[in-house]
Amino acid sequence: MLPFLTELCVQQAMWAKLISEAEIDLPNLEALLNKARPLLATEATLSYTPKKYLKPILVDTLALIGKHQPELKQDLDTLGACADHLLALVLAGDEHGLASWNIVPPILLGQVIDWLLRPEKMALGKLVQPLVNQQGAWETASCPVCGEPADISLVLAEGERHLGCTSCQVSWRYPRLQCSFCNNEDPQTLQYLYLEDNQAQQIQACHQCHNYMKTFDLRDAKEELPDLMQLNLATAHLDVLAQITGGDR
Amino acid sequence: MKFSRRRFLQMLGITSAASVMTGLKFFSPEEALALENRLTNSTTTPTICSYCSVGCGLLVHTNSGTIVSIEGDPDHPINRGALCSKGAASFQITSNSKRLANPLYRAPGTNTWVAKDWTWTLTEIANRVKAARDASFIESENGITVNRTEAIASLGGAALDNEEAYLLTKFMRSLGVTYLEHQARL
């Protein structure tokens, strides 16, 4: 699974770069964020970036899945043949239409749509990143781009903690000793679980709300910020461990 | 990532992580189930540095009651994670074998330090304070009652909190000490 993930994330990063180099028609970004509403909050469709990229991204994504999972060929070809209809439904935000469109298993359809939309969110994330790095700039635990709850946590240079959204490849400053689900700040009920020889990968477990958050200490990393979705999925063993020791998600 | 001197000083006790993606061990969910007994846990407690009165924030990481590492608290408004060289070495309070374990006493005219216990030490200090005070106590001067001793001085420091400074003042004044000083005189 790791080779597929790696290729997928590289592909998505390339598309995100192309999108961000194109004209992104954004109203005053700071004013938007100052209202503490995520960028995509009021938009059912993605209206900030040109849509011409969606079709080639879809084609690329289907091809990549097919390369690694040839047994899905038939379903992938079906989706490819109905690409325009699929994109029309997505752009219209027609959730009902998508839910009742049973040409391929829903789980595959849902995953393809997720991955299809990711490059655009990554491009928006890149724009938003400089505005949310300071303490207090974005004080909620939900993503400033898509509004979903943070699904990953990082410790960056100088020990600063950031929550991150793996979908939008964006991170924002957040207090170290605070549960992002219930705001618990009691250090005695926040526990950090890790495998002995891997202290940089921790599970922050909150004993008040029983949620957990995977935390990665990237202070000594010698490379750029890794792709957060890849990091999250490649460490699925931590989720297993967190959940069998009593964590919920 | 830049490698700063401050970061080096903070590395006492912290295991360094290899590059993220290449150092990542990938376990399947089945393998993960078998790892449950290799899971350790730590608690992180915020506290204040014990040295000067700036009061920088620290994060102390403990594992079953043993301190495993100490770093600056990046969310503390005073220092925002930075520590001076003394504060950064706080971990050594718990770990450095060169720390004295007993009071040491060198008798007058000798050149060796002898380890003493606290009972002897505190009794000896009390006796000498009393002796010095009694020998030097001035009840009155030029007809004015002064009740003071100039043979003892008290020097406080920034690590004293308000309650300790208050008790120290009360104690010293009751002895008659006038040389009552403090490092941070503001």
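Of all the numbered requirements in (1) of a type in the set (Val, Ile, Thr); (2) open to solvent by 50 Å² or more (accessible area, probe 1.4 Å); (3) within 14 Å of chain A (Cβ to nearest Cβ), B:Ile125 misses one, and that requirement is (3). A:Arg37 falls short on exactly one of the conditions (1) assigned to a helix (DSSP H, G or I); (2) open to solvent by 20 Å² or more (accessible area, probe 1.4 Å); (3) among the charged types (D, E, K, R), and that condition is (1). Taking strands (runs of 3 or more DSSP E) as the structural unit, those lying wholly within region B:71-186 and holding at least 1 residues that are farther than 25 Å from B:Cys56 by Cβ, among the hydroxyl-bearing types (Ser, Thr, Tyr) and under 27 Å from the mean Cα position of the chain (by Cα) correspond to B:144-156, B:177-182. Scanning region B:70-86 for residues that are more than 9 Å from chain A (Cβ to nearest Cβ) and open to solvent by less than 40 Å² (accessible area, probe 1.4 Å) yields B:Ile70, B:His76, B:Asn79, B:Leu83.
Considering A:Gly164, A:Gly247, the condition of being more than 8 Å from chain B (Cβ to nearest Cβ) and open to solvent by less than 10 Å² (accessible area, probe 1.4 Å) is satisfied by A:Gly164 alone.
Just one residue in the set B:Gly156, B:Gly143 is touching a His at 6+ places or on another chain (Cβ under 7 Å) and over 19 Å from B:Tyr105 (Cα atoms); that residue is B:Gly156. Among residues of region A:107-136 being without any contact (Cβ under 8 Å) to a residue 60 or more places away in the chain and over 15 Å from the mean Cα position of the chain (by Cα), the one that is surrounded by the most Cβ atoms within 10 Å (Cβ to Cβ) is A:Leu109.
Among the residues making up region A:155-170, those that are assigned to a strand (DSSP E or B), in contact (Cβ under 8 Å) with a residue 60 or more places away in the chain and within 27 Å of B:Ile70 (Cβ to Cβ) are A:Val155, A:Gly164.
Scoring A:Ala157 on the criteria (1) surrounded by fewer than 21 Cβ atoms within 10 Å (Cβ to Cβ); (2) within 9 Å of another protein chain (Cβ to nearest Cβ); (3) on the phi > 0 side of the Ramachandran plot leaves a single failure, condition (3). Among the residues making up region A:121-154, those that are in a strand (DSSP E or B) and away from every other protein chain (no Cβ under 14 Å) are A:Ser142, A:Pro149.
So that you can scan it fast, the table gives a plain yes or no per residue for (1) basic (Lys, Arg); (2) under 30 Å from B:Ile70 (Cβ atoms):
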| position | (1), (2) |
| --- | --- |
| B:Gln92 | no, yes |
| B:Arg99 | yes, yes |
| B:Tyr105 | no, no |
| B:Thr110 | no, no |
| B:Thr121 | no, yes |
| B:Glu124 | no, no |
| B:Arg133 | yes, no |
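Against the test of being charged (D, E, K, R) and within 28 Å of B:Leu83 (Cβ to Cβ), the options A:Glu185, A:Glu148, A:Glu95, A:Glu120 yield a single qualifying residue, A:Glu185. A:Ser171 meets the conditions (1) open to solvent by less than 30 Å² (accessible area, probe 1.4 Å); (2) of a type in the set (Ser, Thr, Tyr); (3) within 26 Å of B:Thr47 (Cβ to Cβ) in every case but one. The failed one is (3). Please give the number of the condition B:Pro46 fails out of (1) within 14 Å of chain A (Cβ to nearest Cβ); (2) modelled with pLDDT of 95 or more; (3) out of contact with any helix residue (DSSP H, G or I) (no Cβ under 8 Å at 6 or more places or on another chain). For B:Pro46, the exception is condition (3).
The values are calculated or read from the model by the stated rules, or taken from the named source; none is laboratory data. Everything numeric here is computed off the predicted structure, so don't read it as measured data. Neighbour counts run over all protein chains shown; Cβ positions are idealised from the backbone, glycine included. Accessible surface is based on the protein model in full, side chains and every heavy atom, while ligands, DNA and RNA are left aside. Shrake-Rupley method; radii C 1.70, N 1.55, O 1.52, S 1.80 Å.
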